[in-house]
Amino acid sequence: MAHYDTIIRGGMIVDGQRNSRFLGDIGIVDGVITRVGRIQPGATADREIDATGLIVAPGFIDLHTHYDAQVFWDPYLTTSGWNGVTSVVVGNCGFGFAPLKKELRQRAMQSMTKVEAIPIKTMEAAIPWDWESYPEMLDSMDRTPLALNVLPYVPVNPLLIWVMGMEDAKAGRKPTDAEHAEMVRLLNEAMDAGACGWSAQCLGVAGDPEATTSGGAAQSDYDGTPMPTDVMHDETRLALARVLGERGEGFIELSGAGLAREHWEELARVSGAPIIWQAVVPSGGWIGDARPDLFAWFQSCHDKGLRIYGQGITQNPPLLFTFDYWDLWGPVWNELAGPDVPREKKLANLADPACRERLRAEPLKVMFIDGIQDTKLHQTGDVRYKWFEGRTIGEIAEATRQHPVDVVCDMVVADDLGTIFHATQFDTTIEGIKALIDNPYIIPGLSDGGAHLKYLAAGSYGTEYIAKYVREHGFSTLEEAHWRLSALPAFCAGFKDRGTIREGAIADIIVYDYEKLSYNFPEFRRDLPGDEYRLVSGGSGYRYVFVNGQITIQDDKQTEVYSGQLLRGGVADMEKLKTRRREAIAAE
């Protein structure tokens, strides 16, 4: 009779392959699923789990994170690791830390602080900096304890800077043939070491650092200049795409809605790879006919055999923020009360009538998020406004006969920056989210995990997808949802041994209570290296999470088992799986 490391018995299996759910058992040996179906009662196992009444499904795969720094201090990559995510892709948008010369480390952290709002004190305290080359960085990640699997892109910004130098890369100079050849060599070297492809943010005009889009301004470097990839040339993207075509592997992530669609299609033809179009937002009235036109283009690409997918923001996480750190209300707010303004100066500015006059002259509506008047007061220590908690700034202003700017300034000053505000992103509506879920070429997620830590915690997107949009609203079947959350991103990213429940696949599995599955309202915690704080959101209803066959979450709590891996080329190291299993047995 067969012996298993673990048997999961009697669960409702949703296998991620769009097959109908079925009652069955799963047997796991050395981190691999060796049996799916019925396992006879006489079979033995080191551990047997009763999954009666529970859903058994593949772990979620998050293609859009910025855990490039957090991977070195948080094995669980929270909040993703608390919400059913078992694998993540890092190095998105062209942002990252390799290849990188020693003298540019501080500069790289300054850039990441601006574009992804990761506290620089945290990076300074946590990143080991025991590399310069990309393969050396992967070796460093490989030495780091992980409770999730990590697949890395090659971010193109550091690649351009390494080859061309900071000044020329940011000026948008076209690389020479020799420089393109060196970029190609470095990309091949990185992929030989385990990279999954490359990523870039392209929000400007090639070669013109003065012609960035408004999106480029929002995602500009710490000194206000464009990132190198914002002004990179079509020829550079095509040179990098050819590498994937020649290798027959990898995928591409691009944030570049302004790029010509013909260029996107050429990249797909040259590379032969899936390409992720960033990002499709869930607004209910998205710029007239923009979304139907984009969806029609996705369909036409797939009709031509070009695998271009949209990454959809299929969730509605609240932005919770204080004026200790807030940078999304525009340039005057940032000048007077932004993250770089010292605390006492910030309070003085917000109390100053002349500064308030400048703020009142700014538009109340801003890009990407709720305008000032639509932002809610979440919590304040100012007794004058305490009873307004849960109301919008506009409603409070009307009730108190003040300008919205004065309402904000009064309570922030009185509360010594402690007032917490609540905004939403992208004019999100339930209809907008449904439109993304309904489209077969949208990959759910875009958690931005590891980024914007002081006001965003969107790693709960998979929990929200199942609990709210499947269970509550019925926008999708559970079978379709698990295919979209696991198998589809696994296919696009080149995960070769996971994403579905089938014999021979790696056992990345979630076991959850469908009726109790939920995600927590975000909360602030001061648990970052460098004595910094962040926003987090846990999940509930997760009875077990398996990563590479070992239990990392049980009853919504970390087991402190670090069975995750750096997935070089999207593949697990089987010998390492077996070794870790033997170590786990010895520890028990």
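The values are calculated or read from the model by the stated rules, or taken from the named source; none is laboratory data. Keep in mind it's a predicted model, so treat the numbers as computed, not measured. Please note: Cβ atoms are built from the backbone with ideal geometry, for glycine as well, and neighbour counts cover all protein chains shown.
Can you name the residue in the stretch 90-127 that is touching a helix residue (DSSP H, G or I) at 6+ places or on another chain (Cβ under 6 Å) and of a type in the set (V, I, T) and, of all such residues, is surrounded by the most Cβ atoms within 10 Å (Cβ to Cβ)? Result: I118. Of all residues in the stretch 252-264, those being part of a helix (DSSP H, G or I), charged (D, E, K, R) and within 24 Å of the chain's Cα centre (by Cα) number 0.
If the condition is being touching an Asp or Glu at 6+ places or on another chain (Cβ under 9 Å) and in a loop (DSSP other than H, G, I, E, B), then the stretch 396-421 contributes Q402, D415, L417, G418, T419. The condition (being of a type outside the set (K, R) and over 28 Å from the mean Cα position of the chain (by Cα)) is satisfied by just one residue among Q402, Q425: Q402.
Only helices (runs of 4 or more DSSP H) whose full extent lies in the stretch 477-588 are considered here, and the ones with at least 1 residues that are touching a residue at least 12 places away in the same chain (Cβ under 8 Å) and either basic (K, R) or under 22 Å from L138 (Cβ atoms) (or both) are 488-493, 574-587. Apart from one condition, L267 fits all of (1) surrounded by fewer than 17 Cβ atoms within 10 Å (Cβ to Cβ); (2) part of a helix (DSSP H, G or I); the exception is (1). Looking at this structure, is F298 touching a helix residue (DSSP H, G or I) at 6+ places or on another chain (Cβ under 8 Å) and among the aromatic types (F, W, Y)? Spelling it out, it is not the case that F298 is touching a helix residue (DSSP H, G or I) at 6+ places or on another chain (Cβ under 8 Å) and among the aromatic types (F, W, Y).
Checked against the criteria, D25 does not count as farther than 22 Å from T579 by Cβ and within 19 Å of the chain's Cα centre (by Cα).
For the stretch 326-336, the criterion of being touching a His at 6+ places or on another chain (Cβ under 6 Å) and buried (at least 19 other Cβ atoms within 10 Å of the Cβ) is met by none of the residues.
Within the stretch 522-560, being hydrophobic (A, V, I, L, M, F, W, C), surrounded by fewer than 21 Cβ atoms within 10 Å (Cβ to Cβ) and under 19 Å from R9 (Cβ atoms) holds for one residue alone: I551.
Tell me, please, whether a residue that is of a type outside the set (A, V, I, L, M), at pLDDT below 95 and more than 30 Å from Y222 (Cβ to Cβ) can be found in the stretch 415-429. For the stretch 415-429, residues of a type outside the set (A, V, I, L, M), at pLDDT below 95 and more than 30 Å from Y222 (Cβ to Cβ): present.
Close contacts from the stretch 87-115, counting a first residue that is of a type in the set (S, T, N, Q) and a second that is part of a helix (DSSP H, G or I), with Cβ to Cβ under 7 Å and a gap of 6+ residues or different chains, come to Q110/I120; T113/I120.
Does Y325 meet the test of being on the phi < 0 side of the Ramachandran plot, modelled with pLDDT of 90 or more, out of contact with any helix residue (DSSP H, G or I) (no Cβ under 9 Å at 6 or more places or on another chain) and of a type outside the set (S, T, N, Q)? Yes, satisfied.
Looking at the stretch 283-291, is at least one residue modelled with pLDDT of 95 or more and not in a loop (DSSP other than H, G, I, E, B)? Among the residues of the stretch 283-291, not one is modelled with pLDDT of 95 or more and not in a loop (DSSP other than H, G, I, E, B), which makes the answer no. The lone criterion from (1) modelled with pLDDT under 95; (2) in contact with a Ser or Thr (Cβ under 9 Å, 6 or more places away or on another chain); (3) of a type in the set (S, T, Y) left unmet by S540 is number (1). Considering the conditions (1) farther than 30 Å from K454 by Cα; (2) of a type outside the set (V, I, T); (3) buried (at least 23 other Cβ atoms within 10 Å of the Cβ), S563 is excluded by exactly one of them, (1).
Against the definition (crowded, with 18+ Cβ neighbours inside 10 Å, in contact (Cβ under 8 Å) with a residue 40 or more places away in the chain and either among the basic types (K, R) or in contact with a strand residue (DSSP E or B) (Cβ under 7 Å, 6 or more places away or on another chain) (or both)), how does P318 come out, yes or no? It is true that P318 is crowded, with 18+ Cβ neighbours inside 10 Å, in contact (Cβ under 8 Å) with a residue 40 or more places away in the chain and either among the basic types (K, R) or in contact with a strand residue (DSSP E or B) (Cβ under 7 Å, 6 or more places away or on another chain) (or both). The single residue among E335, E362 that is acidic (D, E) and over 30 Å from the mean Cα position of the chain (by Cα) turns out to be E362.
For the stretch 187-208, the condition holds for no residue, the condition being that it is farther than 30 Å from D74 by Cα and polar (S, T, N, Q). Of the residues making up the stretch 344-387, those that are among the polar types (S, T, N, Q) and without any contact (Cβ under 8 Å) to a residue 40 or more places away in the chain are N349, Q373. Restricting the stretch 383-432 to residues that are closer than 20 Å to P363 by Cα and charged (D, E, K, R), the residue that is surrounded by the fewest Cβ atoms within 10 Å (Cβ to Cβ) is R401. T463 fulfils the conditions (1) more than 14 Å from the chain's Cα centre (by Cα); (2) part of a loop (DSSP other than H, G, I, E, B); (3) closer than 24 Å to D556 by Cβ; (4) not aliphatic (A, V, I, L, M) except for a single criterion, (2). Checked against the criterion of being surrounded by fewer than 23 Cβ atoms within 10 Å (Cβ to Cβ), among the aliphatic types (A, V, I, L, M) and assigned to a strand (DSSP E or B), the stretch 20-27 contains one or more residues that satisfy it.
With respect to the conditions (1) within 14 Å of the chain's Cα centre (by Cα); (2) in a strand (DSSP E or B); (3) among the polar types (S, T, N, Q), T6 lacks only one, and its number is (1).
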